[in-house]
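Notes to accompany the following structure.
Throughout, read-outs are computed from the coordinates displayed, never taken from laboratory work. Bear in mind that the values here come from a model prediction, so they are computed numbers and not experimental data. Note: ideal-geometry Cβ built from the backbone for every residue, glycine included; neighbour counts use all protein chains shown.
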Amino acid sequence: MNHMPPSPDPRMLRIQLGIELRRLREQADRSTFEAADVLGCKQPKISKIESGSQGVKPDEVAQLLDFYGATAKQRKYLLGLAERLPKRARPKMYHRDAVPDWFQRFLALESDATEIKLYETELVTGLLQTEDYARSTIKAWEPVADPRLVERQVQTRLQRQEVLTRRRTPLKLHAVLSEAALHRMQGDGKIMLSQLEYLMEASERPNITLQVLPFAFPNRIAVTSSVMLFHLQEQDLSAVYLEDFFGATYLWESSDYTRYSVVFERLSLAALPVEETRELIDRVSEKYR
């Protein structure tokens with residue numbers, strides 16, 4: 001029997017579509033007032049569409065895409081999102097996305113997040129990876145992949161990091177890494193040294209809090225899976241993101257967010273303070289120097 005994947009929650013689809021439409025409008029150097037003229041509506045409607053608080057019809061999306069000069073690929077993707085929006089929202093506590101939609105949705109949400117808290121068990125988080133480290137992890141996962149595909153994935157990962165330095169309020173990132181992420185060899189010693197030195201540098205930025213959950217101290221809690229909590233201020237959305245080999249799960253009920261927030265705070269309290277984290281990273285770096 002073939003099983004169809006569950007449909008994404010309508011609110012998440014609206015938010016994703018709104019983020020992408022705003023990005024295209026800004027790239028086209030168009031104002032919300034100009035976009036409103038195209039649809040024959042008031043400017044607040046465009047703002048609500050872009051924030052995900054109001055739905056938009058496929059024909060309205062098509063008009064906006066024409067106005068913004070969207071590519072054929074962008075049109076196909078965004079019109080597909082618009083057509084998946086149901087007329088009536090269905091209550092749902094979470095949804096599970098199949099590849100590749102889940103990652104495109106993740107990129108849209110991450111790009112508009114104002115705050116992210118995350119815990120990583122085995123690898124340095126993608127938001128803090130160097131180019132060589134990112135390339136090594138991608139090749140390890142897809143050893144027979146076309147080199148051109150690998151490079152596109154590397155560039156996508158590096159572009160994601162722009163949220164940390166963007167002109168409008170940079171993303172506030174609080175990352176807790178298991179010490180395993182510092183020791184898990186990716187590539188060679190040179191790549192690892194560069195990556196660890198980059199972590200040291202990144203940890204000095206005012207919008208980044210970096211901690212390590214160490215091996216060497218007794219009675220430290222252990223969590224075996226990675227988790228990300230993100231908040232989008234404009235959309236008034238707080239959600240939990242969980243990822244595995246084949247897709248992702250989003251939890252955005254307030255009770256879910258609260259439970260995972262409690263777990264994250266426990267991890268943060270168990271992890272080394274920021275200065276001691278830097279000292280540990282520096283000690284681990286010594287074996288690669």
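For the chain, what is the calculated [θ] at 222 nm in deg cm²/dmol (nearest 500), taking -39500 (n - 2.57) for each run of four or more DSSP H residues and dividing by its residue count?
-15500 deg cm²/dmol
What pairs from Lys57/Lys172; Lys42/Lys117; Lys76/Lys117; Lys73/Lys190; Lys45/Lys73 go past 31 Å between their alpha carbons?
Lys57/Lys172; Lys42/Lys117; Lys76/Lys117; Lys73/Lys190
Counting pairs of alpha carbon atoms under 8 Å apart in space and at least six apart in sequence, what relative contact order in percent does the stretch 222-266 give?
Result for the stretch 222-266 is 28 percent.
Which residue, Ser194, Ser225, Ser238, tops the fluctuation ranking in a GNM of the chain built on C-alpha contacts under 10 Å?
Ser225
State the extension gain, in nm to one decimal, for the chain segment bounded by Glu151 and Thr209, taking 0.36 nm per residue of separation less the distance between their alpha-carbons.
Net length gain for the segment: 18.0 nm.
Quick check: the angle from helix 10-27's long axis to the longest principal axis of the chain, C-alpha only, nearest 10 degrees?
Relative to the chain, helix 10-27 is tipped by roughly 90 degrees.
Give a residue-ordered list of calculated ³J(HN,Hα) values for the stretch 271-277 (Karplus: 6.51 cos²θ - 1.76 cosθ + 1.60, θ = phi - 60°; whole Hz; x for Gly, Pro).
These are the phi-based 3J(HN,Hα) values: 6, 5, x, 4, 5, 5, 4 Hz.
Tell me which of Ala180, Asn207, Gln195 sits at the most positive position along the dipole axis of the stretch 164-215, charges placed on C-beta atoms (Lys, Arg +1; Asp, Glu -1).
Asn207
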